[in-house]
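Following: one structure in structure tokens, then a few remarks.
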Amino acid sequence: MEIKTENLGKSYGKNWALQKVSFTIGGGITALLGPNGAGKTTLLNILATLVQPTHGHVSIGGLDIQHKRQEIRRLLGFLPQEFGLYDSLTAYEFLDYMGLLKGIEHRKQCVQQALEQVGLESYAKHRVGTFSGGMRQRLGLAQALLNKPPVLIVDEPTVGLDPAERTRFRQLLIQMGAAHTVILSTHLVEDVLLTAGRVITLNAGQIQYDGKVSEMVNMAQGKVWTARIAPSDLIIIQQKYIVTNLEANEGTFIVRFLSDRNPSIQAEQVSPTLEDAYLFITGKR
């Protein structure tokens, strides 16, 4: 299922949330990576047919999003960053109600399958109000899967989850990527590294990188350094370079930072990580 955008833009008054965004996405998991305010949620809302673009074109499965909105919605499963759950309902009752709103036939079968897909089948009769954060996220994913969509869009799904729940949700996404076209929006580099084969980096509403995760890491090759410094030198380093990691060590700091050339302090060049590359591309301190 192909998703295609051409010169996509969205403005709110004089402020542009997206500018000249063009890409084509096929199967598997594609991550949208960027800081808060980069335009990721705006882009997802456009793809989910919830927001109209200011200019440009979007097609999903060959259908134009401006003219075939209802048809496209049948192809989509959407898990927004903020979604409402009915705490007084059981997991089964909630999904059954969502299936009714979506006009899904054979709801009983679809609800059961969705619960099994996210590992909540044994909690079908438990009230949603008793669920942990991770279980609530999985239930949100289940409602997105009710109509068996070929395209799945998820927005910041692991934010606020503890490490065990985050790991389980990432594993679910990987499973979904084997059978769906998945777009994962996140500002967590670890989510990208552990789930996606392709990453699109957004910053200030524009694409700054689009390609394989491994190739993104290579962009920072030769630009990452570490040094042991005195605490009194830390402010100088932070003002001069983009610091990607900092560790206290026996009264000193071990600082990891970005520099296009050999820095003026005694430092050792090291291999980049995805987080180094992300900070290099976005220029974020």
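A few comments on the model shown:
- Candidates in the stretch 155-169 are the residues that are within 14 Å of the chain's Cα centre (by Cα) and open to solvent by 20 Å² or more (accessible area, probe 1.4 Å); of these, the one that is nearest to Pro80 (Cα to Cα) is Val159.
- Set Ala179, Ala114, Ala144: member being open to solvent by less than 10 Å² (accessible area, probe 1.4 Å) and free of Cβ contacts under 8 Å to residues at least 60 places away in the same chain: Ala114
- In summary, Asp87 fulfils each of the numbered conditions (1) under 23 Å from Arg127 (Cβ atoms); (2) in contact with a helix residue (DSSP H, G or I) (Cβ under 6 Å, 6 or more places away or on another chain); (3) crowded, with 17+ Cβ neighbours inside 10 Å with the single exception of condition (3).
- Hits in the stretch 254-285 - residues which are in contact with a Leu (Cβ under 6 Å, 6 or more places away or on another chain) and closer than 13 Å to Val243 by Cα: Val255, Phe280
- When the residues of the stretch 247-262 are filtered to those that are open to solvent by less than 70 Å² (accessible area, probe 1.4 Å) and more than 15 Å from Ala220 (Cβ to Cβ), the one that is modelled with the lowest pLDDT is Asn249.
- Only one of the listed residues (Leu50, Leu32) is touching a strand residue (DSSP E or B) at 6+ places or on another chain (Cβ under 9 Å), open to solvent by less than 20 Å² (accessible area, probe 1.4 Å) and closer than 30 Å to Phe131 by Cα. That residue is Leu32.
- Phe169 fulfils the conditions (1) touching a Lys or Arg at 6+ places or on another chain (Cβ under 8 Å); (2) touching a residue at least 24 places away in the same chain (Cβ under 8 Å); (3) more than 23 Å from Leu120 (Cβ to Cβ) except for a single criterion, (3).
- Residue that is nearest to the chain's Cα centre (by Cα), among those in the stretch 124-150 that are of a type in the set (S, T, N, Q) and farther than 16 Å from Ile104 by Cβ: Gln137
The values are calculated or read from the model by the stated rules, or taken from the named source; none is laboratory data. What you are looking at is a predicted structure, and each value in this text was computed from that prediction instead of being measured. As a convention, Cβ positions derive from the backbone with ideal geometry for all residues, glycine included, and neighbour counts pool all protein chains shown. Ligands, DNA and RNA are stripped out before the accessible areas are found, and what is left, the full protein with its side chains, is counted by its heavy atoms. Shrake-Rupley method; radii C 1.70, N 1.55, O 1.52, S 1.80 Å.
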